[in-house]
Amino acid sequence: MYEEEYQQIKEILARLQIDSNSKIVFLVDKNGQQIAAHGDMAGVDATSLASLTAGNVAATDGLAKLIGEKEFSILFHEGERDNIHISLVAQRVILVVIFDEKSSLGLVRLRVKKASQELEKAFEILVRKSEETGSGRFESPFAEITDEDIDSLFSE
Amino acid sequence: MTFINYAAREINCKIVYYGPGLCGKTTNLQWIYDKTNPQAKGKLISLATETDRTLFFDFLPLDLGQVRGFKTRFHLYTVPGQVFYDASRKLILKGVDGVIFVADSQEARMEANVEARYNLEKNLKDQGYDLAAVPYALQLNKRDLPTAIAADEMYRQLNFKGEPTFEAVAMSGTGVFDTLKSVAKLVLQELKKK
């Protein structure tokens, strides 16, 4: 993930949060790692949210395959106060929108659709960029990691 | 797949505890959770049945500190051990960076251990991984039980590629951190190669 695209992705999320009048907008990869978030994250356990979302999507994906569907691209959970709208973007990342009665499912769906297209484009560029640069030019900060570095992580 | 966020200077790795039912995977996580200081850990999430059998997964995020200016975070998962939850197990192995196999030392569970080991190999393969290449450690758990069979014998039957092997009693914490550290190290060393 590079700085430039990261900023762009964050902007898209911020706009989606305002346009859809939602509380939190959240982007997770399919393995449960949080990529970016926008909104009132205080009081929300972001790491758990990310991993459970990914687990949820993975389980739903498994269900889809069982009945011969390619995927269920949208999941929606309705609560008493808050609702969660989960959708897949470019089949690689998961977009989560949490909203309450100030918004509506229709509005969220509409705005998510638009934002998804933008995100898809951003990720396309990101993938192309990382393919072009390859792993060679972009030096991993871990190339020079030493055993001492690793050991020091574990010294309590 | 390790997720390195260059912008946020964060690195996230996923470690999965695998093994037959009731071998102590969740107990391992519970011990780690209890013994880690509050700033370093997140919530322990346990998706379990009413009888405390893991239904989908347990999850514990763990911050280890900085390596080369990067915040290092490990996500620990367990799989449900019971045979019929195979579809769920497969899902949890997605994107794994390191695996810890927890074996039950009781003689009566040896067959289940062996079966689970093969199941791990197969499920990894289905996700495009090769157990021979994945950072991997073996934990012989429940060493304190009178019915535990000799560690050598277990090693002979379960060790796959000369991976680091630890004797443990997860209930009292023996060997729990040693096992985790060894896999965490292997995962970070793997990053070095990339």
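The values are calculated or read from the model by the stated rules, or taken from the named source; none is laboratory data. If you're wondering where the values come from, they're calculated on a predicted model, not measured in any experiment. Cβ atoms come from the backbone with ideal geometry, glycine included; neighbour counts cover every protein chain shown.
In the set (1) at pLDDT 95 or above; (2) in contact with a helix residue (DSSP H, G or I) (Cβ under 8 Å, 6 or more places away or on another chain), A:Ala143 fails one condition alone, (1). Pairs are defined by a Cβ separation below 7 Å, a sequence spacing of at least 6 or placement on different chains, a first member in the stretch B:70-94 that is over 22 Å from B:Val187 (Cβ atoms) and away from every other protein chain (no Cβ under 11 Å), and a second member that is part of a helix (DSSP H, G or I) and of a type in the set (Lys, Arg); the pairs so defined are B:Pro80/B:Arg89; B:Gly81/B:Lys25.
Hey, among the residues in the stretch A:1-11 that are at the interface with chain B (Cβ under 10 Å from one of its Cβ atoms) and of a type in the set (Asp, Glu), which one's surrounded by the fewest Cβ atoms within 10 Å (Cβ to Cβ)?
Of all residues in the stretch A:1-11, those at the interface with chain B (Cβ under 10 Å from one of its Cβ atoms) come to A:1-7, A:9-10.
This time we only want the ones that are of a type in the set (Asp, Glu), so: A:3-5.
Details: A:Glu3: 10, A:Glu4: 13, A:Glu5: 16.
Per the criteria, the residue is A:Glu3.
Anything in the stretch A:39-93 that is free of Cβ contacts under 8 Å to residues at least 12 places away in the same chain and among the polar types (S, T, N, Q)? List them, or say none. The answer is A:Ser48, and nothing else. A:Val112 meets the conditions (1) more than 16 Å from the chain's Cα centre (by Cα); (2) under 29 Å from B:Ser88 (Cβ atoms); (3) modelled with pLDDT of 95 or more in every case but one. The failed one is (1). One residue stands out in the stretch B:17-46 among those that are more than 28 Å from B:Tyr6 (Cα to Cα) and either surrounded by fewer than 15 Cβ atoms within 10 Å (Cβ to Cβ) or charged (D, E, K, R) (or both): the one that is modelled with the lowest pLDDT, namely B:Lys35. Can you find a residue that is in a loop (DSSP other than H, G, I, E, B) and within 10 Å of chain A (Cβ to nearest Cβ) anywhere in the stretch B:56-64? Checking the stretch B:56-64: not a single residue is in a loop (DSSP other than H, G, I, E, B) and within 10 Å of chain A (Cβ to nearest Cβ). Quick one: in the stretch B:1-55, which of the residues that are within 14 Å of another protein chain (Cβ to nearest Cβ), assigned to a helix (DSSP H, G or I) and touching an Asp or Glu at 6+ places or on another chain (Cβ under 6 Å) is nearest to B:Val79 (Cα to Cα)? The selected residue is B:Leu29.
Applying the condition of being touching a Phe, Trp or Tyr at 6+ places or on another chain (Cβ under 9 Å) and β-branched (Val, Ile, Thr) to the stretch B:76-89 and asking which residue is surrounded by the fewest Cβ atoms within 10 Å (Cβ to Cβ) yields B:Val79. Taking the stretch A:79-93 as the range and being within 17 Å of A:Thr60 (Cα to Cα) and modelled with pLDDT of 95 or more as the test, the residues that pass are A:Ile84, A:His85, A:Ile86, A:Ser87.
Quick grid of which residues meet (1) aromatic (Phe, Trp, Tyr); (2) closer than 17 Å to B:Val183 by Cβ; (3) in contact with a Cys (Cβ under 6 Å, 6 or more places away or on another chain):
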| residue | (1), (2), (3) |
| --- | --- |
| B:Tyr17 | yes, yes, no |
| B:Pro20 | no, no, no |
| B:Leu47 | no, no, no |
| B:Glu50 | no, no, no |
| B:Arg53 | no, no, no |
| B:Leu62 | no, yes, no |
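The set of residues in the stretch A:1-11 being within 25 Å of B:Pro61 (Cα to Cα) and either in contact (Cβ under 8 Å) with a residue 40 or more places away in the chain or assigned to a loop (DSSP other than H, G, I, E, B) (or both) consists of A:Met1, A:Tyr2, A:Ile9. Among the residues making up the stretch A:12-34, those that are at pLDDT below 90 and buried (at least 19 other Cβ atoms within 10 Å of the Cβ) are A:Asn31, A:Gly32, A:Gln33, A:Gln34.
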